[in-house]
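The values are calculated or read from the model by the stated rules, or taken from the named source; none is laboratory data. Keep in mind it's a predicted model, so treat the numbers as computed, not measured. Here the Cβ is made from the backbone with ideal geometry for all residues, glycine too, and neighbour counts use every protein chain on show. To get the accessible areas, we keep the full protein, side chains included, count just its heavy atoms, and leave off ligands, DNA and RNA. Shrake-Rupley method; radii C 1.70, N 1.55, O 1.52, S 1.80 Å.
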Amino acid sequence: MSEQFSHIPVLLNETLEFLAPERGGIFVDGTLGGGGHAEAVLTRLPQTGRLIGIDRDWEAVHAAGDRLSSFGDRFTALHGNFFEMKTLLSEIGVSEVNGILLDLGVSSHQLDTQERGFSYKTDAPLDMRMDQGARLSAKDIVNTYAESELARIFFAY
């Protein structure tokens, strides 16, 4: 059974100081996760401000959407990779933003949910897909790629 998706943001005060959402405008949280940073930004945004959250993990998109539903149309959750931010924003009519937040890394939800296959603490299938809809899991890669390709991946990333 999955743990509830939540997020206690780190460096929250510093993040808010640099983003300065109180100045208004459109902001993007490119790694939405459980919506901890997003909620803090939204509470400081003027009523005319907007936050768009992007995440590769559908569970995160749904959890943050539920968590932040009280902000109405000031918040939009999108499924995708922040690498595709320009395209994702263009698809919803946004061409300029006033600030972008990226909280990079694996979420505690992904580590704590056994079936996600990120943790070394439990005996579970190796998965490690941020986007559960992605074709390849870590298990597929380590069991089918050539040793030379695995070495290249480990050294490059």
Given (i) 1.02; (ii) 0.98; (iii) 1.35 as possible values of Rg/Rh (Cα atoms, Kirkwood Rh), the one from the coordinates is (i)
What residue among Ala63, Leu89, Gly133 has its Cα farthest toward the positive end of the dipole of the chain, where the charges are +1 on Lys, Arg and -1 on Asp, Glu, each on the Cβ? Leu89
What is the magnitude of the charge dipole of the chain about its Cα centre, with +1 placed on the Cβ of each Lys and Arg, -1 on the Cβ of each Asp and Glu, and no other charges, expressed in debye to the nearest 20? 220
Angle between the chain longest axis and helix 147-156 axis [Cα atoms, degrees, rounded to 10]: 30
Going by accessible area, probe 1.4 Å, with all protein chains left in place, what is the ranking of Ile92, Ile52, largest first? Ile92, Ile52
Counting only protein heavy atoms with a 1.4 Å probe and every protein chain in place, the carbon and sulfur fraction of the accessible surface of the chain in whole percent equals 53
Counting only residues 5 or more apart in sequence or on a different chain, those whose built amide H sits under 5 Å from that of Ile100 are Val28
Take Ile54, Ile141, Ile8, Ile100 and sort them by solvent-accessible surface of the protein heavy atoms, 1.4 Å probe, largest at the top. Ile8, Ile100, Ile141, Ile54
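Can you give the FRET efficiency to the nearest 0.05 for Tyr145 and Glu91, using r as the Cβ-Cβ distance and R₀ = 25 Å?
That gives a FRET efficiency of 0.15.
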Thr87 accessible area, 1.4 Å probe, all protein chains in place, Å² to nearest 10: 80
FRET E, pair Tyr157, Arg74, Förster distance 25 Å, beta-carbon r, rounded to 0.05: 0.10
Dipole magnitude of segment 50-132 about its Cα centre (Cβ charges: Lys, Arg +1; Asp, Glu -1), debye to nearest 20: 200
What percent does the relative contact order of segment 38-105 come to when contacts are Cα pairs within less than 8 Å and at least six residues apart? 30
For the chain, what does -39500 (n - 2.57) per DSSP helix run (n ≥ 4), summed and divided by total residues, give at 222 nm, in deg cm²/dmol to the nearest 500? -9500 deg cm²/dmol
For segment 1-89, convex hull volume per residue from C-alpha positions, Å³: 94
Net charge, Arg129 excluded, C-beta distance under 14 Å - Lys, Arg +1, Asp, Glu -1: -3
How big is the gap, in Å, between the Cα center of segment 78-142 and the Cα center of segment 1-74? 16
Per residue, how much accessible area does segment 1-127 have with a 1.4 Å probe, in Å²? 57
Suppose every K and R has +1 on its Cβ and every D and E has -1 on its Cβ; what is the size of the dipole of segment 11-97 about the Cα centre, in Debye to the nearest 20? 200
